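J.: First, the structure itself, so that you have it in front of you.
The values are calculated or read from the model by the stated rules, or taken from the named source; none is laboratory data. Please read all numbers here as calculations on a predicted model, not as lab measurements. When we count neighbours, we look across all protein chains shown, and the Cβ atoms used for this are built from the backbone with ideal geometry, even at glycine. For the accessible areas, the whole protein counts, side chains as well, though only heavy atoms, and no ligand, DNA or RNA atoms are used. Shrake-Rupley method; radii C 1.70, N 1.55, O 1.52, S 1.80 Å.
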Amino acid sequence: MKVSICTDMEGISGIVDRNLLTPEGVDYERGRRFMTEDINAAIRGAFNAGATEVIVSGGHGANGARNVLPEALHPEAILISGHTRKFRLQSLDSSYDAVIQIGFHARHGLQGILDHTITSRHVREIHLNGRPIGEIGLNGLVAGYHGIPMILASGDQWVAQDTREWFPWAKTVIVKYAINRYAAKCLHPKRAQRLIEAESETALRNLEKMQPLVLKKPLRATLGFRLTTHAEAAEDAAGIERIDSCTISYTTDDVLDLLRTLRMAIRLGGTAEPRITTA
Amino acid sequence: MKVYIAVDMPGISGIVDLSQGWVSGVDYSIGRQLMTKEAAAAATGAFEANAQEVVVSDAHESNGYRNILIEELPEDAWLISGDERPMGPIEGLHEGFDALALIGYHARHGNEGVLDSTMEPNAIFDIRVNGQSMGHIGLAAMVAGHFDIPVVLVTGDDSAVREAQAILPNTHVLCVKESIGRHAARSIHPQKARDQIRQTIKEALEARDDISPFKIKSPVNVAITFKYTSMADRASQVPGVKRLEGIRAGFEAENPAAAYRRLETAVQYASSAIAANKLI
C-alpha cells in the first residue's frame, strides 16, 4: 500500500501566526519542528495500517517549500522538497492508494487560522463549478484524477469544515480551535500527534469507505484577484477569460490542465505586484 | 473542575526589564523560558488539585501573545496563543470555569513595581472603573466576577501582590520578587518560584469555595486617562465612547465583560496614535 502525505504549515499543531511560518520569524525553527513531528505522526499511522511506501510532499511556500527537517523525518519515509513545482502533488500517480493532508488551513473567507487560497498576497478566492474551493479541495481533486481517495486532513475546526464540504467521507483531525485569523486555543502538540497517528491508521484501515473526488465535466474555475491590475496581467494567457474587473475564469475537461493553469494565472497576476506597492 | 490560568511576563521571577520581555530584546529567549516554566508549574499544580481541564492563556502582548513554548507545558493543558483577541489576555474566560489564577502579573500604571503598566504603557495613564483605579489584576477579576469565577491566586512582585490584596481579600497570593524600581528587583530563584507556584495553586484551588468572586456594580462606568489628547481623540471615535475632557474618554457598559471588551477596542484604537506622537 502506497500513501502520499501532502503537507502545509498553517494547520500544524501549536502554530498560530507567521512568526512560526517564515524563515524571518523568531519561531520558525519551532514551527518546522512541529511540522515535521505532525507529519511523522501521520507516517507512523500509515505504517501501522500496513503501508509499504510513504511519500511526503513538503508543502508550504516559505523557504522554497523546504520547511520539513529531513534528518528529523521518519527514516522510512521519502521526502519531496523544493520549489517551482507546477502544482501540489504533481508527482502523484495511480500507483498510490491514498492521500493524506497534514497541517492545512481553510480556504479564503472561512474564519480559521491564516485562511487563504494559494496566496493571500493577491488572490482572494477560487470557485470551481460554482462552489468555493481551497487548497484542500484542489489537492484532493488531483488525487481524484488519479483515482485516489483523499482520506484525512488535519488543521483547525475550519479546515475540518472545508474538508467535509468536499470530502464527506474523509477523517478530520482538529489540532486547534481558531479564535480568529491569528489566535487559537491549541492542543499540546504531543496530544495532537497522537490523534493524527490514530486517525491516519483508522482512515487507512477504512479505505473501502473512501472515494476519489470526481467532478462533472467541464470544469469551470473562476479566480478572484484583489486588484484589477492582477486580473489584467493574468488574462494575457491563452484560454483565460476576464469575466469582471478582478476575476478571470478558465474552462477545461482536464484536472491537471486546470491546476497548472490556475497556478500559472496566479504567478502571472503576481507579476503586477511591484507596480502597485505604493497604492 | 475547570481552571483558567492567565500568564503574563512582568511578574515572573527573574524578569525585571523589557529586554527579557520583548521579542526584540537580547534576553527574550531567557524571558520566555522563565515564563513558560512558571506557566507549566501552575498547570501541573492545577492538575494535581484534580482539575479536569486546564486552559493556559498567553497573557503577555509581546510577540502577538505568542511567548509561551507550548511544547514545554503539561500535555493535558490547552494553550490560548496568538493575537487580535477580542478579550485580550483573558480571551476564552467564560461561564463554566471554576477558578481563575493570574501568574506573573504586575501592578497598574503608577503603582510602583516592576514594569508597572495598565494595558498599553505608551498610551494609558489610568483606567477607572466605577471611580476605582484598576490595572490588569482588577480588570481580569471583574470579568471573572461577572461569570461568578473567583480569582484564587495572584503571583508577581510585592507591588502586584499588594494591589491584589487590596481588592481581593481572600485570594491567595505569592510574591516571587521584591521590586526595587521599575526595572530592578530582588528575585527568589526561579526554581523556588516554580515549586511555590505549583504548591500554592493547589492550596488555592482546594480553598476556592472560601474565595468569593469579585463583584462590581452594573452598569459599569469606565474612564480612561491617556497620555496624549490625540489618543483620547481616537478612543472617542469608538461607538459608545465619549470624550470626557482633554486627555480623558469614557463610557458606560451594561456589565463588566461588555465593559472590558469595549475597553480593549478603545485602547487598541487609541494606541494607533502612538506612532503619530513619536513624530513630535
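J.: Only one of (1) in contact with a Gly (Cβ under 9 Å, 6 or more places away or on another chain); (2) open to solvent by 30 Å² or more (accessible area, probe 1.4 Å) is not met by B:His60, so which one is it?
T.: Against the list (1) in contact with a Gly (Cβ under 9 Å, 6 or more places away or on another chain); (2) open to solvent by 30 Å² or more (accessible area, probe 1.4 Å), B:His60 comes up short only on (2).
J.: Would you point out the residue of segment A:23-35, among those that are within 14 Å of chain B (Cβ to nearest Cβ) and part of a loop (DSSP other than H, G, I, E, B), that is most open to solvent (accessible area, probe 1.4 Å)?
T.: A:Glu24
J.: Suppose we filter segment B:102-128 for residues that are open to solvent by 10 Å² or more (accessible area, probe 1.4 Å) and outside any loop (DSSP other than H, G, I, E, B); how many remain?
T.: The number of residues fulfilling the criteria is 3.
J.: Can you tell which of B:Gly45, B:Gly104 is more than 14 Å from chain A (Cβ to nearest Cβ), within 18 Å of B:Gln199 (Cα to Cα) and within 14 Å of the chain's Cα centre (by Cα)?
T.: Among B:Gly45, B:Gly104, only B:Gly104 is more than 14 Å from chain A (Cβ to nearest Cβ), within 18 Å of B:Gln199 (Cα to Cα) and within 14 Å of the chain's Cα centre (by Cα).
J.: Of the conditions (1) buried (at least 24 other Cβ atoms within 10 Å of the Cβ); (2) over 12 Å from the mean Cα position of the chain (by Cα); (3) under 30 Å from A:Ala231 (Cβ atoms), A:Ser200 clears all except one; give me its number.
T.: The single condition A:Ser200 does not satisfy is (3).
J.: Which of the residues belonging to segment A:44-64 are at positive phi and either crowded, with 18+ Cβ neighbours inside 10 Å or not assigned by TED's automatic domain parsing to the domain that holds A:Glu201 (or both)?
T.: A:His60 - this is the single residue of segment A:44-64 that is at positive phi and either crowded, with 18+ Cβ neighbours inside 10 Å or not assigned by TED's automatic domain parsing to the domain that holds A:Glu201 (or both).
J.: Regarding segment B:188-198, can at least one residue be identified that is within 20 Å of B:Asn50 (Cβ to Cβ), open to solvent by 50 Å² or more (accessible area, probe 1.4 Å) and out of contact with any Leu (no Cβ under 8 Å at 6 or more places or on another chain)?
T.: Yes, there is a match, as at least one residue in segment B:188-198 is within 20 Å of B:Asn50 (Cβ to Cβ), open to solvent by 50 Å² or more (accessible area, probe 1.4 Å) and out of contact with any Leu (no Cβ under 8 Å at 6 or more places or on another chain).
J.: Here is a check on your reading of the model: is A:Pro149 surrounded by 20 or more Cβ atoms within 10 Å (Cβ to Cβ) and within 14 Å of another protein chain (Cβ to nearest Cβ)?
T.: no
J.: Any residue at all in segment B:185-201 that is in contact with a strand residue (DSSP E or B) (Cβ under 8 Å, 6 or more places away or on another chain), under 18 Å from B:Arg108 (Cα atoms) and in the same structural domain as B:Asp17 (by TED's automatic domain parsing)?
T.: yes
J.: Just give me the residues in segment A:228-263 being basic (Lys, Arg) and surrounded by fewer than 17 Cβ atoms within 10 Å (Cβ to Cβ), in sequence order.
T.: Result: A:Arg242, A:Arg260.
J.: Any residue in segment A:46-64 that's farther than 17 Å from A:Asn206 by Cα: show its pairings with residues that are assigned to a strand (DSSP E or B) and charged (D, E, K, R) at Cβ separation under 8 Å, as long as the two are six or more apart or on different chains.
T.: A:Glu53/A:Lys2; A:Val54/A:Lys2; A:Ile55/A:Lys2
J.: Continuing with the same structure: Can you tell me which residues in segment B:67-101 are assigned to a loop (DSSP other than H, G, I, E, B), within 12 Å of chain A (Cβ to nearest Cβ), touching a strand residue (DSSP E or B) at 6+ places or on another chain (Cβ under 7 Å) and open to solvent by less than 20 Å² (accessible area, probe 1.4 Å)?
T.: B:Asn67, B:Ile68, B:Leu73, B:Ala77, B:Arg85, B:Leu93
J.: Sticking with this structure for a sec: Yes or no: B:Val54 free of Cβ contacts under 8 Å to residues at least 12 places away in the same chain, β-branched (Val, Ile, Thr) and either open to solvent by 20 Å² or more (accessible area, probe 1.4 Å) or within 12 Å of chain A (Cβ to nearest Cβ) (or both)?
T.: no
J.: With touching a residue at least 40 places away in the same chain (Cβ under 8 Å), over 30 Å from B:Ser62 (Cα atoms), polar (S, T, N, Q) and open to solvent by 40 Å² or more (accessible area, probe 1.4 Å) as the only criterion, which of A:Gln161, A:Gln157 stands out?
T.: Going through A:Gln161, A:Gln157 in turn, just one is touching a residue at least 40 places away in the same chain (Cβ under 8 Å), over 30 Å from B:Ser62 (Cα atoms), polar (S, T, N, Q) and open to solvent by 40 Å² or more (accessible area, probe 1.4 Å): A:Gln161.
J.: Please tell me if A:Ile174 is open to solvent by 10 Å² or more (accessible area, probe 1.4 Å) and within 12 Å of chain B (Cβ to nearest Cβ).
T.: So A:Ile174 fails the test.
J.: Ok, one more. Just checking, does segment B:43-51 include any residue being more than 19 Å from B:Ile188 (Cα to Cα), open to solvent by 10 Å² or more (accessible area, probe 1.4 Å) and among the acidic types (Asp, Glu)?
T.: yes
J.: Could you tell me whether A:His105 is free of Cβ contacts under 8 Å to residues at least 24 places away in the same chain, part of a loop (DSSP other than H, G, I, E, B) and either open to solvent by less than 60 Å² (accessible area, probe 1.4 Å) or over 15 Å from A:Arg32 (Cβ atoms) (or both)?
T.: No; evaluated as a whole, the condition is false for this residue.
J.: Take segment B:1-22 and flag every residue that is open to solvent by 10 Å² or more (accessible area, probe 1.4 Å), out of contact with any strand residue (DSSP E or B) (no Cβ under 8 Å at 6 or more places or on another chain) and touching a residue at least 24 places away in the same chain (Cβ under 8 Å).
T.: Listed by number, the residues that qualify are B:Asp17, B:Leu18, B:Trp22.
J.: In this structure, does A:Lys185 turn out to be surrounded by 16 or more Cβ atoms within 10 Å (Cβ to Cβ) and either among the hydroxyl-bearing types (Ser, Thr, Tyr) or touching a Lys or Arg at 6+ places or on another chain (Cβ under 7 Å) (or both)?
T.: Considered against the rule, which asks whether it is surrounded by 16 or more Cβ atoms within 10 Å (Cβ to Cβ) and either among the hydroxyl-bearing types (Ser, Thr, Tyr) or touching a Lys or Arg at 6+ places or on another chain (Cβ under 7 Å) (or both), A:Lys185 comes out as yes.
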